[in-house]
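Engineer: This is the structure I want to talk about, given as C-alpha cells.
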Amino acid sequence: MQLNLKNSIAFFDLETTGLNISKDRIVEISILKISPNGKEEEKTLRVNPEMPIPVESSNVHGIFDEDVANAPTFKEVAKGIAKFIEGCDLGGYNSNRFDIPLLAEEFLRVGLDVDMRKRKFVDVQTIFHKMEQRTLVAAYKFYCDKDLNDAHSASADTLATYEVLKSQLDRYPDLENDIASLSEFTTQVKTADFAGFVAFDEDGVEVYNFGKNKGKSVAEVIKEQPGYLNWMLNADFPLYTKKVLTEIKLREAMK
C-alpha cells in the first residue's frame with residue numbers, strides 16, 4: 001500500500017556514538033524523503049562527531065574513527081539537512097524516543113533552531129510493538145518476508161522502516177493511511193520536549209514527567225521552587241528540554 005500523504009514525509013535513521021541524547025553525536029544519517037506524488041529522494045551522510053567513537057558502538061554499526069576522520073562535522077551539514085527535511089513530517093524506527101530528540105539536540109548545538117513541533121511523527125516501532133512485539137529485523141522478515149542483511153546500516157534501516165510501514169498498512173485495516181492518524185497512534189505520551197521530561201496533562205498544561213515534581217505544573221513549580229528550574233538548566237538535561245523550560249518561564253513572566 002502506498003502512503004496517503006498531504007505533506008512530504010522524511011524517514012530517517014541515525015548511527016551515533018552512543019545512546020545518551022545529551023552527550024552522544026551522529027556519525028551517520030540517512031534520510032528517505034517521500035513526496036505526495038510518490039517521488040523518493042535519498043540522502044546519506046557520514047559525519048565527524050568530533051569525539052572518539054566507543055568501540056562498543058562501532059561494533060554495532062561498523063563505523064570507526066578512521067571512517068569519519070575526513071567527514072564533515074554536523075555544523076557543516078546541518079543547514080543542508082534542515083533544508084532537505086523542510087516542511088516534512090518525520091518517520092523512523094524508535095524515532096520518537098531516540099532519533100528525533102538526538103537530531104533536535106544536534107541542531108541546537110550548532111545554533112540552528114529548527115522548529116519540529118509543527119511536524120507529525122510516525123514511529124514504525126510503536127506500530128510494530130503494539131501489534132506484534134518484535135524488533136526491526138524481525139519486523140522486516142514478518143511484514144516484508146525479507147532478511148535485513150545490513151542491519152544497523154543507516155541506509156538499510158531507513159529503507160526497511162519505510163517498507164515495513166507500507167506493509168503494516170496492508171496488513172492492518174484498522175490503521176488509517178493518514179499521517180496525522182499514524183502520528184497519533186504512535187505517540188504514546190504527548191510531551192512538550194522530545195526527551196519526555198515535560199509532558200502535557202489532559203488539559204494541555206505542561207507538567208513535569210519525572211522526579212519529585214512529576215505531575216505538577218511546570219509554571220507552578222517555577223513560581224514555588226525557582227531553584228528546581230535553575231538546577232535543571234544547569235544540569236545534564238537535553239538542550240531542547242532546557243529550551244522548552246526557558247520558553248515556559250518567559251511566557252509566565254509576561255503574564
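Where a number appears in this text, it was derived from the coordinates with a stated rule and is not lab data. Note that the structure is a prediction, hence the values are computed from the model and not measured. As a convention, Cβ positions derive from the backbone with ideal geometry for all residues, glycine included, and neighbour counts pool all protein chains shown.
Engineer: Give me, ordered by chain and number, the residues 5 or more places off Thr16 or on other chains with an amide H under 5 Å from its own placed amide H.
Structural biologist: Long-range HN contacts for Thr16: Val27.
Engineer: A further question follows. Quick check on region 198-253: take the gyration tensor over C-alpha atoms, sort the square-rooted eigenvalues as a ≥ b ≥ c, and tell me if it's rounded (a/c under 1.5), prolate or oblate.
Structural biologist: Details: a/c = 1.32, a/b = 1.26, b/c = 1.05.
It comes out rounded by the Cα gyration axes.
Engineer: Can you give me the relative contact order of the chain as a percent, contacts being Cα pairs under 8 Å and 6 or more apart? Walk me through the intermediate numbers first.
Structural biologist: Values: 390 pairs, mean separation 48.2, N = 255.
It rounds to 19 percent for the chain.
Engineer: Continuing with this model, one more query. Distance from the Cα centre of region 1-59 to that of region 184-211, in angstrom?
Structural biologist: Cα centroid of region 1-59 versus Cα centroid of region 184-211: 24 Å apart.
Engineer: Starting from the Cα gyration tensor of region 161-255, take the square roots of the eigenvalues, sort them a ≥ b ≥ c, and report rounded, prolate or oblate (rounded when a/c is under 1.5, otherwise prolate if a/b is larger than b/c, else oblate).
Structural biologist: Working: a/c = 3.10, a/b = 2.52, b/c = 1.23.
It is prolate, given that a/c is not under 1.5 and a/b is the larger ratio.
Engineer: Quick one: check the C-alpha center-to-center distance for region 118-163 versus region 66-114, whole angstrom.
Structural biologist: 20 Å
Engineer: Could you list Asp174, Asp99 so that the one with the fewest beta carbons within 10 Å of its beta carbon is first and the one with the most is last?
Structural biologist: Details: Asp174 6, Asp99 25.
The most exposed by this proxy come first: Asp174, Asp99.
Engineer: First check a/c for region 116-167, with a ≥ b ≥ c the square roots of the eigenvalues of its C-alpha gyration tensor; if it is under 1.5, answer rounded, and if not, answer prolate when a/b is larger than b/c or oblate otherwise.
Structural biologist: Numbers: a/c = 2.19, a/b = 1.36, b/c = 1.60.
It is oblate, given that a/c is not under 1.5 and a/b is not larger than b/c.
Engineer: Among Ser58, Ser153, Ser95, which one moves the most in a GNM of the chain with springs linking Cα atoms closer than 10 Å?
Structural biologist: Result: Ser58 has the largest fluctuation of those listed.
Engineer: Then there is this: Can you report the principal axis dimensions of the chain using only the alpha carbons, biggest first, rounded to whole angstrom?
Structural biologist: 56, 47, 32
Engineer: Kindly put Val122, Val55 in sequence by how many other C-beta atoms sit within 10 Å of each C-beta, fewest to most.
Structural biologist: Details: Val122 26, Val55 10.
By the 10 Å Cβ count, ascending, the order reads Val55, Val122.
Engineer: Rounded to the nearest 5, what % of the DSSP beta bridges within the chain are antiparallel ones?
Structural biologist: Details: 20 of 27 bridges.
Approximately 75 percent, going by the DSSP bridge assignments.
Engineer: Additional query: Do you know the relative contact order of region 198-253, to the nearest whole percent, from alpha carbon pairs under 8 angstrom that are 6+ apart?
Structural biologist: 23 percent
Engineer: While we're looking at this one, here's another question. What number do you get for region 27-98 when its Cα radius of gyration is normalised by 2.2 N^0.38 Å, N = residues? Each step should come with its number before you reach the end.
Structural biologist: Working: Rg = 14.1 Å, N = 72, 2.2 N^0.38 = 11.2 Å.
Against the compact-globule rule of thumb, the ratio is 1.26.
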